[in-house]
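Here the structure comes first, spelled out in C-alpha cells, and everything after it is commentary.
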C-alpha cells in the first residue's frame, strides 16, 4: 500500500516523520496520512483546519476520477472514461479504457453509506459480469451514448493490437475492478485481499481511497491504493499453483488443429527459451488453453515474461508487470529490445506506468523466425548478470 498527494504546489518533507509541508503563493498546508490531520495557514499565520473535508456526494468523487482516470494505479495518462455507463443491471459509475486496450470498472461510495462493504463489492462484480457479455460493437454504442471519446480516436496511432486487446479483454471479462472510496476500512481491505487471493487470474480488484480537503481555491487530494500487491501476486502465481487445468499439450493441440504453422512456431519459441533456462509452468484456467513461461532473473527473482493465450485472436502476453523483479533497468531494456524486434508495443506508455502492464500482441508474430530469435535473445538477457538494476 502506498500514498501520494496531489495539490497546487510543491511537496516537501517535513521534519516530523510521516508529515509533509506544502507551500503555494500565500498559504502552507501540513499533510498527515489522515485527511482529518491536515492543517492550513495563510501568510505564516496560525495553523487551522481547511475550509472543508470530503465530498458533498458520490458524484463529486466520480467527477474527479472521470476528469483524471490516471489517479487510479496502472491507468495511463491518455486513458478515457465515461460516467454512468448503462448495463442490464444498472449504470456503472465509471468505465475507463486505456490505450493498450485494458478496461477498468470503477464503483464509488462514501463512508457514510452504511452498506458500503456489501453494496460496493456486489455492484462492481455485477457490472463486470454484465459488461463481459457485451460484444465490442454494443459496448461502443453504450460508450458513445454517454458521450465517450471515440475508441477509434483512442486507438489511432497505437499499436495495431491495441484494439484487438480491448476486444479480447472484453470477451474474456479481464478487467481491473476499482472500489473508489473516501475512506478504506479494515473490513474493505480484508474483502479486497480475499477476492484477489481466491478469484481467477486476470481480475484485479483495487480499493482506492481518495481523501480530500478544500481550502479556498485549493483542493488537496491524498490517494491511497490497496490491493495491487495481492492482485499481482495472485495473477503471477496462479498458473504455478497446481490447480490450473490447461497444459502446453492442450495449447499445442488447440493451435495445431487450426494453424499447424503457428503451432510449430510456438513450440520452437518455447524450446528456444528453454535453452536460456525458461520453462512452461502451469496453465491458465480460462475458457481457452493458455500457459505462462517462467524463468529466473539475474536478481534471483522469479519472472514470467510471457503467456500464450489461445483464442480469437490468439495472443502472446508480454508480462512486463510480472518481470519487474528483474529490476527497472533490465525490464526497460527488455521492453526496448522487444520493440526493436518489431513487436507493436507502446513503449512510452508502458514505461510510464512503472512497467505495470501486460499488453497482448498477435501470436502470429512468432511465425517470423528472425523476430522470434530476437525475442528469445532479449529474454535471455534478463537472466544475465549485467541485466540487473
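Any read-out appearing in this document is the output of simple, stated calculations on the displayed coordinates, not a laboratory observation. Everything numeric here is computed off the predicted structure, so don't read it as measured data. For neighbour counting, all protein chains shown are included, and Cβ atoms are generated from backbone atoms with ideal geometry for every residue, glycine included.
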(request) Estimate the FRET efficiency between residue 89 and residue 190 by the formula 1/(1 + (r/R0)^6), using the beta-carbon distance for r and 22 Å for R0, to the nearest 0.05. (result) 0.30
(message) Expected output is a single nm value to one decimal: the length gained when fully extending between residue 369 and residue 59, i.e. 0.36 nm times separation in residues minus the C-alpha distance. What is it?
(response) 106.3 nm
(request) Taking the Cβ of each residue in 42, 93 as the centre, tally the other Cβ atoms inside 10 Å and list the residues starting with the fewest. (result) 42, 93
(request) Return 100, 250, 354, 152 ranked ascending by Cβ neighbour count within 10 Å, so the fewest neighbours appear first. (result) 152, 354, 250, 100
(message) Multiplying the sequence separation of residue 247 and residue 132 by 0.36 nm and subtracting their Cα-Cα distance, what value in nm do you get?
(response) 38.9 nm
(request) Determine, for 215, 43, the number of other Cβ atoms within 10 Å of each Cβ, and report the residues in order from fewest to most. (result) 43, 215
(request) Whole Å is fine, so just give me how far the alpha carbon centre of segment 327-361 lies from that of segment 75-143. (result) 27
(message) Please compute the modelled spin-label separation between residue 152 and residue 41, points set 7 Å along Cα→Cβ, answer in nm with one decimal.
(response) 5.8
